[in-house]
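Trainee: Below you'll find the structure I mean.
Read-outs: derived from the displayed coordinates by stated rules, not from any lab. In this text the structure is predicted, and so the values were computed from the model without any measurement. Here the Cβ positions follow ideal geometry from the backbone for every residue, glycine too, while neighbour counts run over all protein chains shown.
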Amino acid sequence: MLAYRLLTALVLIPLVFLAVLGLPTPWFALLAALVPLAGSWELSRLAALESVPMRLLAVAATALLVSGFWLQHASPWSDRLLALLAAWWLLNLLVLLSGRLQPRPIQGPRWLRLLAGMLFLAGAWLALVRLHGLPQGPWLVMGFLLLIWVADSAAYFTGRSLGRRKLAPHISPGKTVEGALGALAGSLLVAVALWQADWAPLGFSGWALLCLVTVMVSIGGDLWESVLKRERGLKDSGRLLPGHGGVLDRVDSQIAAAPVFVTGLWLLGGQG
């Protein structure tokens, strides 16, 4: 499985680099929109929608939501929406780690979960498109993605080799405190590297703080998807990406982290 995971990453990462750094924002937005559309298809399955027409309707609704966000992506309204999403994800992380949310098996459709998930997918897309349109935007988007990728990998390998204490056993027994600390350590290394490469529009202390908080919240995105899968009794959201599962399995961290990263840039005086 690890070999499949690495092979998929070796294929996808160069394509992502080319798309982020080589495409103008409108074309980047169009290509990136495939992620929330594919994610909404998988999300409808996690929300217990079994009918193919209903699942296609969820994809179509997400497409309309993304289109509406595009029309307002450069307006102050988009900044306010991203700030609200960032606040929600911060609160969500606290709730998930508190142990108060206990996943329970579900039978019928969960419409509220589906609608919220569609908003989260479209909101993360909006955050990255908003970021990409800035003067230094493509490099900031790439830096954000590298930050999450390295943190995820650091959590995976640190957890496997050193993991002892469970982070949220009621949600995801495989995640450990040591893995989370590995993710935070990896985020600091990336923060230093990106700052040295002049990719950061902030002073070092603000930039390091932003990277740490972004990665902390990204863990909440991972746990959020784990709740949905646990309630449905599924291991993966899909099978599109060998070694990674589905699209949601690959971008769950970014869904939570993107609004926080962009809002944090704005609050700290960067270009967000």
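Trainee: Write down, largest first, the equivalent ellipsoid semi-axes of the chain in whole Å, where each equals the square root of 5 times an eigenvalue of the alpha-carbon gyration tensor.
Mentor: Equivalent ellipsoid semi-axes, largest first: 26, 23, 18 Å.
Trainee: Label point 7 Å out from LEU97 along Cα-to-Cβ: which residues of region 192-235 have amide N under 14 Å?
Mentor: So the set is 212-224.
Trainee: For the chain, what is the calculated [θ] at 222 nm in deg cm²/dmol (nearest 500), taking -39500 (n - 2.57) for each run of four or more DSSP H residues and dividing by its residue count?
Mentor: Value at 222 nm, helices only, nearest 500: -25500 deg cm²/dmol.
Trainee: Order by neighbour count: ASP79, ASP249, fewest other Cβ atoms within 10 Å first, most last.
Mentor: Least to most surrounded, the residues fall as ASP79, ASP249.
Trainee: Still on this structure: Taking a cut-off of 14 Å between Cα atoms, list the aspartates and glutamates near LYS229, but don't count ones fewer than 8 places away on the same chain.
Mentor: Filter leaves GLU42, ASP249, ASP252.
Trainee: Search the structure for amide H atoms under 5 Å from the amide H of LYS166, placed 1.01 Å from N in the peptide plane, and list their residues when 5 or more places away or on another chain.
Mentor: Those lying under 5 Å, H to H, from LYS166 are VAL177.
Trainee: On to the next question. For each of HIS132, HIS170, count neighbouring Cβ atoms within 10 Å of the residue's Cβ, then give the residues from fewest to most.
Mentor: HIS170, HIS132
Trainee: Hey, fewest Cβ within 10 Å first, where do TRP224, TRP139, TRP111 land in order?
Mentor: Ordered by Cβ neighbours within 10 Å, fewest first: TRP111, TRP139, TRP224.
Trainee: Each residue of region 167-175 in order: what ³J(HN,Hα) in whole Hz does its phi give by Karplus 6.51 cos²θ - 1.76 cosθ + 1.60, θ = phi - 60°, with x for Gly and Pro?
Mentor: For region 167-175, the Karplus curve yields 7, 8, x, 6, 10, 9, x, x, 8 Hz.
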